[in-house]
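So the structure is just underneath, and the comments pick up after that.
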Amino acid sequence: MRYVLACASSLLILITAAPVSAQTVIPVQFDRGASSSTLDGEIRGQTYSDYRLVVGAGQRLSVSLRPTAGSPYFNVMEPGSTGEAIYNSSMGDQQYTGTTAHNGAYTIRVYQMRASGRRDEAARFKLALSVTDPGVAGQLPASGGDAASQLPGDALVPGTPYHATASIPCRSAAGAPMGSCQAGVIRRRGSATVHLDTPDGGERTILFRDGVAVSSDGDSRIGVERREDVSIVRIGDVEIYEIPDALIFGG
């Protein structure tokens with residue numbers, strides 16, 4: 001079985017800014033001379049808040065979510081996204097730092113997991129956003145999660161938020177044959193998040209801790225079988241993803 005990994009040769013740093021909130025687009029602008037802002041927010045049930053930041057490509061965007069009640073999470077979405085996220089805090093940390101690849105409005109979507117939404121629970125939070133130019137002293141490296149969690153020397157694939165990309169064998173729909181999924185991985189110390197684009201046009205996200213697949217963004221149970229240096233990840237009775245250790249650990 002052959003896996004083709006694309007790894008970065010140099011660190012790419014991007015940034016964006018502009019907030020939207022509570023299913024109503026509300027542009028957020030920093031005070032004159034400021035490069036950051038902290039906003040208080042609340043969501044209930046299956047509603048969500050979109051915070052939209054308009055910035056130029058090549059700036060550094062940092063997002064930090066601190067829950068004060070309930071269990072909110074956030075996604076980071078690029079301009080033009082219809083819901084696809086380049087970072088999902090429910091599969092990693094409640095912090096993100098990265099460099100924007102595009103000019104335009106980036107969206108920080110704060111939401112609850114489906115179970116909390118169905119129970120009509122409320123969540124309150126403080127959302128800290130900052131946008132700075134790259135190369136300024138004291139800034140964090142571009143990455144998902146906090147700086148201390150990043151692997152030294154693990155650069156991003158240019159034009160992506162991923163440390164590596166690959167084409168892997170997979171099946172995502174009932175009755176379908178094994179096909180190929182495009183995978184991207186965000187690595188941290190002790191964990192990694194794998195984002196998958198499936199042949200049927202869907203998406204799947206799988207969280208690894210210490211090299212073991214432990215959860216996904218799906219509703220079904222997850223199971224893992226090892227075959228040499230590959231994790232065969234099964235989600236429910238239908239989905240299968242064959243993820244090589246080289247994608248998770250590098251090398």
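The values are calculated or read from the model by the stated rules, or taken from the named source; none is laboratory data. A quick note: this is a predicted structure, and the numbers were derived from the prediction, not measured. Backbone-built Cβ (ideal geometry, glycine too); neighbour counts: all protein chains shown. Note: areas computed on protein heavy atoms with side chains; ligands, DNA, RNA excluded. Shrake-Rupley method; radii C 1.70, N 1.55, O 1.52, S 1.80 Å.
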Could you order T132, T38, T100 so the one with the most accessible surface comes first? Probe is 1.4 Å. T38, T132, T100
So for the range 155-248, taking the charge dipole from beta-carbon charges (+1 Lys/Arg, -1 Asp/Glu), which of A176, P199, A155 sits furthest toward the positive end? A155
Expressed in square angstrom to the nearest 10, the accessible area of Y48 with a 1.4 Å probe stands at 70 Å²
Using a Förster distance of 35 Å, how high is the FRET efficiency between E228 and A122, based on the Cβ-Cβ distance and rounded to 0.05? 0.15
Tell me which trypsin sites (Lys or Arg not before Pro) from the range 155-250 have a DSSP coil assignment and no more than 14 other beta carbons within 10 Å of their own. R189, R221
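Please give the length that would be gained between R189 and A115 if that part of the chain were fully extended, namely 0.36 nm times their separation in residues minus their C-alpha to C-alpha distance (nm, one decimal).
Residue separation times 0.36 nm, minus the Cα-Cα distance, leaves 23.8 nm.
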With all protein chains in place and a 1.4 Å probe, D200 shows an accessible area in Å² (nearest 10) of 90 Å²
At a probe size of 1.4 Å, how large is the accessible area of F30, to the nearest 10 Å²? 50 Å²
